[in-house]
Amino acid sequence: AWAGHMASVGPVQFYNTVSFCDYPPGYMNILWLIGLLGNAIGGVTEFMVKSPAIVSDVLICLVLYLQAKDALGHRPALLLSLIWALNPVSIVTGACWGQTDSIMTLLLLIAVFQLIKGKWKIALPVYVAAVLIKPQALMFGPLGLAALILHLKNTKCDKKTLQDIFIGIGLSVAVFLALALPFIVDI
């Protein structure tokens, strides 16, 4: 219903005209695209709404495999990916219910792996996107802040690290604006 409503009224009018919506703009942008595609082909289907979560689950498997392969080897990395792929919780929430948890999880996973590498210019905007998909991602904010403080302490605040962090903050603002502005300014 939200996808169809987004396509018919657009993002600026969506929150004012929908009877109930507790999702932030990030996920609503995804539903907007699904609604527009659905209108073009004759209607939004249940599979269309569930497909972002299903694709995210597949991408989580890929990210887990690629990250674990170098550290653990092919077989353990494959096993780790299969554990996610066959996890009943991810199957039920994404493929059955169409919830957005795996989209948020994918973004958080990418942010954490980039954070571990000290790539703040990627980690910060990806984290902001996760929050705008599902606000429960905010629960990981204190951990990210602690990681940032420890990173600054351990790298002695060198110029490259500070530059990377400020680029990440700037890109975070850009991600926020890109996902939120369609709901404020009529495009």
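The values are calculated or read from the model by the stated rules, or taken from the named source; none is laboratory data. Quick caveat: nothing in here was measured; it's all calculated off a predicted structure. Note that we place each Cβ from the backbone using ideal geometry, even for glycine, and neighbour counts take in every protein chain shown. We work out accessible area using only protein heavy atoms, side chains counted, and drop any ligands, DNA or RNA first. Shrake-Rupley method; radii C 1.70, N 1.55, O 1.52, S 1.80 Å.
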Looking only at the stretch 4-19, and only at residues there that are among the β-branched types (Val, Ile, Thr) and part of a helix (DSSP H, G or I), the one that is farthest from ILE30 (Cα to Cα): THR17
Output for the stretch 98-112, where each listed residue is free of Cβ contacts under 8 Å to residues at least 60 places away in the same chain and within 15 Å of ALA137 (Cβ to Cβ): GLN99, ASP101, SER102, MET104, THR105, LEU106, LEU107, LEU108, LEU109, ILE110, ALA111, VAL112
Residue under evaluation CYS157, criteria (1) more than 17 Å from the chain's Cα centre (by Cα); (2) in a helix (DSSP H, G or I), criterion not met: (2)
Candidates LEU143, LEU107, LEU152, LEU115, filtered to the one that is part of a helix (DSSP H, G or I), within 25 Å of GLU46 (Cβ to Cβ) and open to solvent by 20 Å² or more (accessible area, probe 1.4 Å): LEU107
Only one of ILE184, ILE165, ILE169 that is open to solvent by 40 Å² or more (accessible area, probe 1.4 Å), in contact with a helix residue (DSSP H, G or I) (Cβ under 9 Å, 6 or more places away or on another chain), closer than 14 Å to ALA123 by Cα and touching a residue at least 40 places away in the same chain (Cβ under 8 Å): ILE169
Every residue from the stretch 123-140 that is open to solvent by 70 Å² or more (accessible area, probe 1.4 Å) and aliphatic (A, V, I, L, M): LEU138, MET139
Failed item in (1) aliphatic (A, V, I, L, M); (2) free of Cβ contacts under 8 Å to residues at least 40 places away in the same chain; (3) open to solvent by less than 50 Å² (accessible area, probe 1.4 Å), with VAL55 passing the rest: (3)
Any hit, the stretch 76-91, residues being under 17 Å from LEU109 (Cβ atoms), open to solvent by less than 50 Å² (accessible area, probe 1.4 Å) and outside any helix (DSSP H, G or I): yes
Sole residue being surrounded by fewer than 18 Cβ atoms within 10 Å (Cβ to Cβ) and not charged (D, E, K, R), chosen from PHE14, PHE20: PHE20
